[in-house]
Amino acid sequence: MNRRGFLFTGLLGGAAMLASAAWLRPEDKGRPYTAYFQALNAELKSTGPMRPVLLVDLDRLDHNIDVVTASVQRSGKALRLVEKSLPCRGLLQYIVSRTGTDKLMSFHQPFLNQTAEYFPQADILLGKPLPARSVQVFYQQHQGQDDPTARIQWLIDAPERLQEYLQVAQARNSKFRINIELDVGLHRGGVADNNTLDALLGLIASNPEHLEFVGFMGYDPFVGMELPSVLGSPEALLSKVMARYQGFVDFTRKQYPALWREGLTLNTAGSPSYRLHETETLSSELAVGSAMVMPTHFDLPSLSDHVPAAFIASPVLKSTGPVNIPALDGKSKIFSWWDVNQRASYFIYGGNWLADFVAPEGLQSNSLYGRSSNQELVNASPGVGLEVGDQVFLRPQQSESVLLQFGDILAMRKGKIVEHWPVYQEGSRA
């Protein structure tokens, strides 16, 4: 017997020995649907498309919107919605309508084209500095009679990029509104010193016919993350962030007073940190996106008042009983004998998403069998009570990429499908 076979046999023998110690056996984690997911399951079985879908619960979304709105109002600031985290026209329009904001943040050239078309009155701030060629492509693909230049804030991080943007603006005979990205502690690029800021502001001041300074953007999600206490409390981290931000503001006001004016965009925050900004008075607006739908990566103390509002649902295609691993065949019984949570096996429609199982309770992927984007094996105890045609529910770990993978988003109200919302398109529509 080779070494691999010897090790495998040893593992099986070890598992059998452990199984004889009943007090060490894993507990039964399986539970049937809660009433909430039972209602969703019934609705999808009767009127759903019977394929993987992305659901947004409007009642839960309303709760999160209201939590955000109340906090932003307490802070005295404006709200800017992060489009990449809510990449769906219907979803964005719903939140815009409930919050009353006309400020959006875009991160992706094809999305920027769609946002500029769908929201012709919106002020759009870029959330990352795009290549100058992307700006050219944006204008080539823009649909609509209006020129969107006056309502877009292009984000700039370095003098070299600003010089490239200046050339594009000159070629178009346009005046680009320039927002400067600040490194306030995230260290993902952006202006980190006054020398760089001086070069940027000097270039803007020297080209008033083609460049206009409209503000700063300082992203600080780490302030609201669960960091080791030795790194500082959220309040202490926020104080450092705003001190850096204030330093850049002070430099600009002193060295370039002609560029400073009331009404500049002083953007900051992000979903993990927006609530902490209720106590500072420097920034003028807060960026929020994922907190509206609450993927699992945002289960943070700073967002404890929010509730999950987005779910993946996928129907069970097959129910095959206790786990049965290829090539092991009958020897697979050791797994279900040892672990009650492997005594039921279900193959779902699709799988391998960036998501976590949430209902019924106790579902788990099988790492030995392997993941699949076609028909994923999901194990559980018989206590979950799933049948073929029932839905497996998951929560996305993040929103910006996962929400795009299922076609139309199904908007739900009190357990019923009320809207079908097409998501943003990744590529060119030209």
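Numbers at a glance
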read-out: Members of segment 80-96 that are free of Cβ contacts under 8 Å to residues at least 60 places away in the same chain and under 13 Å from A411 (Cα atoms); value: L92, Q93
read-out: A243 vs. criteria among the aliphatic types (A, V, I, L, M) and open to solvent by 60 Å² or more (accessible area, probe 1.4 Å); value: yes
read-out: Residue check, V137 open to solvent by 20 Å² or more (accessible area, probe 1.4 Å), β-branched (V, I, T) and under 19 Å from the mean Cα position of the chain (by Cα); value: no
read-out: Close pairs from segment 98-126: first free of Cβ contacts under 8 Å to residues at least 24 places away in the same chain and of a type in the set (S, T, Y), partner part of a helix (DSSP H, G or I) and open to solvent by 50 Å² or more (accessible area, probe 1.4 Å), Cβ under 8 Å, at least 6 apart; value: S106/K84
read-out: Residues of segment 284-318 classified as in a loop (DSSP other than H, G, I, E, B) and open to solvent by less than 10 Å² (accessible area, probe 1.4 Å), total; value: 5
read-out: Output for segment 203-242, where each listed residue is of a type in the set (G, A, S) and at pLDDT 95 or above; value: A205, S206, G215, G218
read-out: Count - residues of segment 271-282 that are touching a residue at least 60 places away in the same chain (Cβ under 8 Å) and either assigned to a strand (DSSP E or B) or surrounded by 24 or more Cβ atoms within 10 Å (Cβ to Cβ) (or both); value: 4
read-out: Wholly enclosed strands (runs of 3 or more DSSP E) of segment 36-117 bearing at least 1 residues in contact with a strand residue (DSSP E or B) (Cβ under 8 Å, 6 or more places away or on another chain) and under 15 Å from I312 (Cα atoms); value: 53-57
read-out: Unique match (being within 30 Å of P208 (Cβ to Cβ) and of a type in the set (G, A, S)) among S283, S271, S290; value: S283
read-out: Filtered residue count, segment 206-232, keeping only those that are open to solvent by less than 50 Å² (accessible area, probe 1.4 Å) and either under 19 Å from W260 (Cβ atoms) or of a type in the set (S, T, Y) (or both); value: 8
read-out: Sole residue being free of Cβ contacts under 8 Å to residues at least 40 places away in the same chain and aliphatic (A, V, I, L, M), chosen from L203, L182, L186; value: L186
read-out: Enumeration of residues in segment 165-190 that are buried (at least 16 other Cβ atoms within 10 Å of the Cβ) and not in a loop (DSSP other than H, G, I, E, B); value: Y165, L166, V168, A169, F176, R177, I178, N179, I180, E181, L182
read-out: Odd one out for F107 among (1) farther than 28 Å from R177 by Cα; (2) of a type in the set (F, W, Y); (3) within 17 Å of the chain's Cα centre (by Cα); value: (1)
read-out: V323 being touching a helix residue (DSSP H, G or I) at 6+ places or on another chain (Cβ under 6 Å), at pLDDT below 85 and either buried (at least 17 other Cβ atoms within 10 Å of the Cβ) or outside any strand (DSSP E or B) (or both); value: yes
read-out: Residue list for segment 64-97, filter: more than 18 Å from the chain's Cα centre (by Cα) and surrounded by fewer than 16 Cβ atoms within 10 Å (Cβ to Cβ); value: D66, A70, Q73, R74, G76, S97
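The values are calculated or read from the model by the stated rules, or taken from the named source; none is laboratory data. Here the structure is a predicted model, which is why all the values come from computation and not from measurement. Neighbour counts are summed over all protein chains in view; Cβ atoms, including those assigned to glycine, are modelled from backbone coordinates with ideal geometry. With ligands, DNA and RNA removed, areas are computed over all heavy atoms of the protein, side chains included. Shrake-Rupley method; radii C 1.70, N 1.55, O 1.52, S 1.80 Å.
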